[in-house]
Amino acid sequence: MKRVAVDIGGTFTDLVWFDEETKELGRTKALSTPSSPEEGLLAALSKAGIEAADIDLFLHATTLITNLIITRSGGTVGFLTTKGFRDVLEIQTGLRPNPYDLQWEKTPPLVPRHLRREIDERIDADGNVLKPPDDAEIEEVLSGLVADGVEALAICLMNSYKNPQHEQRVAEIARKRWPDLHLSVSYEIDPRIREYPRMSTTVVNAYAMPGFTRYGSTLDANIPVRHGIKFMQSSGGVVGAKQAAKAPVNLVYSGPVGGVLGGKLLGSTIGNEDLITVDMGGTSFDVCVIQNGEADEKDELFVQWGIPVRTHTVDIHSIGAGGGSIAEVDPGGALKVGPKSAGSSPGPACYGRGGELPTVTDANLLLGLIRPDRFAMGEIPLDRAAAEKAMSPIADQLGLSIEDAAKGVYRIVNSNMAQAIREITVFKGVDPRAFTMVAFGGGGAQHAVEVAREMDISSVIVPVFPSVFSALGLLSADLHNTASRTILAEVSAVDGKQLEKYFQELEESAKAPLIGEDVVEEVTARRVAYMRYLGQSHELPIELTNSLDGDALYKEFEDAHLARYGTQLGDPAEIVDLKVVAIGRITEREMSVHVSGSKSPPVKATAETAFGEAKVFDRGDLGVGATLKGPALIEEPDTTTYMPADTEASVDEYGNITIEIH
């Protein structure tokens, strides 16, 4: 039997499998099919020769939810709220990405105004019922929405985080009268204070439900695996398809998280747990910081500006800087790279699939960092002439040679990636020089050393299977489920017994969906309290491991505030929210890559790059203990590692390449 992990990216669908009998790992890639993601997935399975009957556990990461929102191709959603709050989705928060941009237009809500309805009910901020809803009015409003063709309904009433009984009544009526209607109810999805983020999260969930349900049904029909398909969540844990269909909003960051899991596994294996993971795929560049073996986390992200989603997520910063990112000269005459991408169809010009615009991959080919007959396992022979033709307008506009224009593209995308690293490190008080960079994705190893050099990072690790490393990381995932609630309690007045009761209720709720999973070995839980000084607007997550009495909680909060902001105010503090993360540990399997090759690998060829002559090595020839000096290209079936001058690489016992930058 096999464990299979699939990561569907913007350009390629990556597949990794682990054979539980032979203990071997395998990989393959297929071009992604954005209009029908399952086609690329099934093509990858076919290339690998894997049948559904051979699969014991299927783990799946997908950008489907993000794509549905960005492309505005989700379901037709109706929105039901309290009388007087219909336009909160339109008003949003009043924040702007650039307060001085007078031409900026607000991101339109996912639900148009004619599908946003109200009912006359009200619960106050303490949870007291001021006006109960009328069943006849509820049925009338819902009937109108159904008649208008809604596929999904988002229900978010004022102060339901404090008392959900009115939302429960609306949901009860809707489920009884219209059982096929997808329901997203705020007290089930995000029962926490702050009306707009709660509304937005509930609406995004509803918007994704029809598309995800159709996708899940298609996969179930084509891949009927033994334990069902498990979907990667933004939190770094997987969940069963049934649970995922109820809350697809938790899959928004599903795509990039696998690489972070791979980074954590790599760090624990080699004994280096302070890492910066950088994943350069076909469309995006994703960065995450791992400190002391744990990835940074957050509880809110923006799928698009103005559309927040509150969900437990690994803190990943993404920019549009991938192999398919398009280069252009902006109206001011400056060279710009990304965020627009050529994707997989038509793809970069050098793919020969109809693309005419210059991309990062085209630039790398022109610079000699990719050899045309070694790309994507040799299945996509690259067309240098097409890349030159695409780059020519850029060169003409800037008055440069084609090679110099390609160098400009390379340097600008490297600068963009370095800036992304600064935003998740330097801007948060983290010194990147104390970390090791882990570079993966199809293009990561072609850029990593120069990006690291710009950040004064002295070493880069290129792990085994770098092009499919995110899929490889999926194989190490456990099941996750989260439950949370708002309590708004001043720390000095905290009742430890009541707090314990709240946590026990949340643990029971979070653990329930995991206990029945037959792939789970044990279920544990993490407790988190979100705390702030009275008067502050934002909270700090405090993972609780000790006593729940007020003094102990206050000390943990002050220590965390000092670590994050460098200050301890000594002012009164309060607990805003509580959260429990339940973890269903999947039975572990020993996975390893057999490292063959020699300590003195042969030089396969010599390549002329725009930065000088480079020796070419085959990664399969690199044995444990092998050392190389740059300039060099290290080729493998689905990617190339570029070592500039003044670098030296070594291969460890696990097959990872560590490049030291001098």
In order over the stretch 38-55: 3J(HN,Hα) from phi, Karplus 6.51/-1.76/1.60, θ = phi - 60°, whole Hz, x for each Gly or Pro, gives 5, 5, x, 5, 5, 5, 5, 4, 5, 4, 7, x, 9, 9, 4, 5, 8, 9
Computed ³J(HN,Hα) along the stretch 468-482: with the Karplus parameters 6.51/-1.76/1.60, θ = phi - 60°, integer Hz and x for glycine or proline, the list is 10, 5, 5, 5, 4, x, 4, 5, 9, 6, 9, 7, 10, 8, 10
Given a Förster distance of 22 Å, the FRET efficiency implied by the Cβ-Cβ spacing of S492 and K428, rounded to the nearest 0.05, works out to 0.15
Note on the stretch 455-611: alpha-carbon gyration tensor, axes a ≥ b ≥ c; rule is a/c under 1.5 for rounded, else prolate if a/b larger than b/c, else oblate; result oblate
For the stretch 367-413, whose charge dipole is built from +1 on Lys and Arg Cβ atoms and -1 on Asp and Glu Cβ atoms, the candidate among P393, P381, L367 with its Cα farthest towards the positive end is L367
As a percent rounded to 5, the proportion of antiparallel DSSP bridges among beta bridges in the chain is 70
In the structure shown, of K2/K176; K428/K615; K389/K629; K264/K511; K2/K264, the pairs separated by more than 31 angstrom at the C-alpha atoms are K2/K176; K428/K615; K389/K629
Measuring from its Cα centre, the stretch 356-485 shows a charge dipole (+1 at each Lys and Arg Cβ, -1 at each Asp and Glu Cβ) which, in debye to the nearest 20, is 420
Cα-Cα pairs in the chain separated by more than 36 Å, as a whole percent of all pairs, come to 42
Partner lysines whose C-alpha sits under 16 Å from that of K336, ignoring same-chain residues fewer than 8 away, are K407
Counting only residues 5 or more apart in sequence or on a different chain, those whose built amide H sits under 5 Å from that of I229 are A241
Taking r as the C-beta separation of K176 and S73 and R0 as 22 Å, the FRET efficiency to the nearest 0.05 is 0.15
Note: probe point = Cα of K629 + 7 Å toward Cβ; backbone nitrogen < 12 Å; residues of the stretch 643-660 passing the test are 645-649
Checking rank on 171-181, 609-619, with mean other Cβ inside 10 Å and highest first, the result is 609-619, 171-181
For the chain, longest principal axis from Cα atoms; helix 496-515 axis from its Cα atoms; angle between them, nearest 10 degrees, is 60
Expressed per residue, the solvent accessible area of the chain in Å² (1.4 Å probe) is about 41
Taking 0.36 nm per residue of separation between D56 and D101 and subtracting their Cα-Cα distance, the length gained on full extension comes to 10.9 nm
Check: C-alpha center the stretch 99-122 vs C-alpha center the stretch 339-371, spacing in Å is 38
The percentage of the accessible area of the chain (probe 1.4 Å, all protein chains present) made up of carbon and sulfur atoms, to the nearest whole number, is 48
Sequence order, the stretch 292-305: Karplus ³J(HN,Hα) from phi using 6.51 cos²θ - 1.76 cosθ + 1.60, θ = phi - 60°, Hz rounded, Gly and Pro as x, gives 6, x, 10, 7, 4, 10, 8, 10, 8, 9, 10, 5, 9, 4
Of the residues A52, F18, L42, the Cα lying farthest along the dipole of the stretch 15-65 towards its positive end, which is defined by charges on the beta carbon of Lys, Arg, Asp and Glu, belongs to L42
For the stretch 1-110, averaging the sequence separation of alpha carbon pairs under 8 Å that lie six or more residues apart and dividing by its residue count, the contact order in percent is 23
In this structure, the FRET efficiency calculated for D220 and K340 from their beta-carbon separation, with R0 = 41 Å, to the nearest 0.05, is 0.75
Residue span K298 to Q504: 0.36 nm per residue of separation minus Cα-Cα distance leaves a gain in nm of 71.9 nm
Once T524 and S143 are pulled to full extension, the length gained, defined as 0.36 nm per residue separation minus their Cα-Cα distance, is 132.8 nm
Inter-part gap, Cα centre of the stretch 411-474 to Cα centre of the stretch 492-544, in whole angstrom, is 33
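The values are calculated or read from the model by the stated rules, or taken from the named source; none is laboratory data. Predicted model only: the values in this text are computed from it and were never measured. Methodologically, a virtual Cβ is constructed for each residue, glycine included, from the backbone with ideal geometry; neighbour enumeration extends over all protein chains shown. All accessible areas refer to the heavy atoms of the entire protein, side chains included, with ligands and DNA or RNA removed. Shrake-Rupley method; radii C 1.70, N 1.55, O 1.52, S 1.80 Å.
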